[in-house]
Amino acid sequence: MSKSKNYPEKKIGPLPGGIQVAIWLNEIETDDGPRKVRSVTISPRRYREAQSGEWKDAKGYNAADLSALIFALTRAQEYVFDHPLEQEKKEAEEAESY
């Protein structure tokens, strides 16, 4: 059985420092049946190790990366708010009717 590759719903970046944010659309099982949910991942900052020349993932970010991180996360937030999932629309309508 072949497994299909899951791609992000939306990518923001890469930005300076290699920063990239991805928004993923997943389906989970709940007591009420399947439900779509989103998650957000932040790609690690990349650097080249001086001795080996090998590319590695950093464990953290530099202070200089903060503006790119804030920019990318703000764009991700805007996307999620501007593109609500069907279940989120229904929940918002139900909340308004109370």
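Given the criterion touching a residue at least 24 places away in the same chain (Cβ under 8 Å) and over 15 Å from the mean Cα position of the chain (by Cα), identify the matching residue among 33, 17, 13. Of 33, 17, 13, the one residue that is touching a residue at least 24 places away in the same chain (Cβ under 8 Å) and over 15 Å from the mean Cα position of the chain (by Cα) is 17. Just the residues that are aliphatic (A, V, I, L, M), free of Cβ contacts under 8 Å to residues at least 40 places away in the same chain and assigned to a loop (DSSP other than H, G, I, E, B), please, taken from the stretch 58-98. The one that is aliphatic (A, V, I, L, M), free of Cβ contacts under 8 Å to residues at least 40 places away in the same chain and assigned to a loop (DSSP other than H, G, I, E, B): 58.
Candidates 45, 38: the one that is within 23 Å of residue 16 (Cα to Cα) and either touching a helix residue (DSSP H, G or I) at 6+ places or on another chain (Cβ under 7 Å) or surrounded by 13 or more Cβ atoms within 10 Å (Cβ to Cβ) (or both) is 45.
Laboratory data are not the source of any read-out in this text; all were calculated from the coordinates shown. Here the structure is a predicted model, which is why all the values come from computation and not from measurement. Neighbour counts are summed over all protein chains in view; Cβ atoms, including those assigned to glycine, are modelled from backbone coordinates with ideal geometry.
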